1. Using a 7 Å offset from the Cα along the Cα-to-Cβ direction at both Ser31 and Ala69, what is the distance between the two label points in nm, to one decimal?
2. Around Arg89, which amide H atoms from residues at least 5 apart in sequence, or from another chain, sit under 5 Å from its own amide H, with H modelled in the peptide plane?
3. Give the ranking of His151, His115, His47 by solvent-accessible surface, highest area first, calculated with a 1.4 Å probe.
4. Do the sum for the chain: with -39,500 (n - 2.57) for every DSSP H run of n ≥ 4, divided by all residues, what is the mean residue ellipticity at 222 nm, to the nearest 500 deg cm²/dmol?
5. Just to be sure I understand the model, the point goes 7 Å from the Cα along the line to the Cβ. What's the resulting Arg77 to Leu19 distance in nm?
6. Which of [x] 45, 16, 15; [y] 37, 15, 15; [z] 34, 25, 13 is the computed semi-axes √(5λ) of the Cα gyration tensor in Å for the structure on display?
7. Once each part is reduced to its C-alpha centroid, what is the distance from region 1-39 to region 68-91 in angstrom?
8. Mind pulling the angle between the C-alpha long axis of helix 32-63 and the longest principal axis of the chain? Nearest 10 degrees, somewhere in 0 to 90.
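The values are calculated or read from the model by the stated rules, or taken from the named source; none is laboratory data. Everything numeric here is computed off the predicted structure, so don't read it as measured data. Cβ atoms come from the backbone with ideal geometry, glycine included; neighbour counts cover every protein chain shown. Accessible surface areas use protein heavy atoms only, side chains included; no ligands, DNA or RNA. Shrake-Rupley method; radii C 1.70, N 1.55, O 1.52, S 1.80 Å.
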Amino acid sequence: HAIIGETCELKRRDPQDDLITRLDSADPPLSTTEIKGLCTNLLLAGHETTATSSALGIALLLERPDQLASFRSQPDRVPQSIEELVRFRTLLTDSGAGIPRLCVEDVDYYGTRIHKGDWVMASTGIANSDPAVCPRDLQDLDLGRDDPAPHMSFGFGPHTCLGQHL
């Protein structure tokens, strides 16, 4: 946190074409505390999720020699394979955790009333294998899928992960 604060001061003295300089010149202006918080969040969340997702993907391939062979033999399909690896196993699905969200308006969800101010927990693992969204068998890892199955591993809408393109 201190290093990011020092970097903020450096960028104020010598602005560059970078994230901290852009945050420092935002309209409305952000305080140094806000910039430090945003940058710390990006650094920690980005590093942890990227490192963990990479490790989980490698572990999946090592556990499934047939999928590893498919991955190695089709380098042109690496983007689709990565989407499938991310869909199949993420930090959230492996931990059993969900993504807590605060309901901002009253909603009827399949006969259940969720009130404004209620907390709900979205299960990424269940969403990523929902047959209503994708009728194919999504319970198994399949790097040979013709088209990547849709997934919620990076969130959606205003909660979309900024680093999903990594």
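1. About 6.0 nm, to one decimal.
2. Counting only residues 5 or more places away or on other chains, the set is empty.
3. On the way: His151 35, His115 90, His47 125 Å².
These residues rank, largest area first, as His47, His115, His151.
4. Details: 7 runs with 79 residues, N = 166.
The helix-only estimate for the chain comes to -14500 deg cm²/dmol at 222 nm.
5. Between Arg77 and Leu19, the label points sit 3.3 nm apart.
6. So the calculated entry is the one marked [z].
7. So the separation of the two Cα centres works out to 37 Å.
8. 20 degrees
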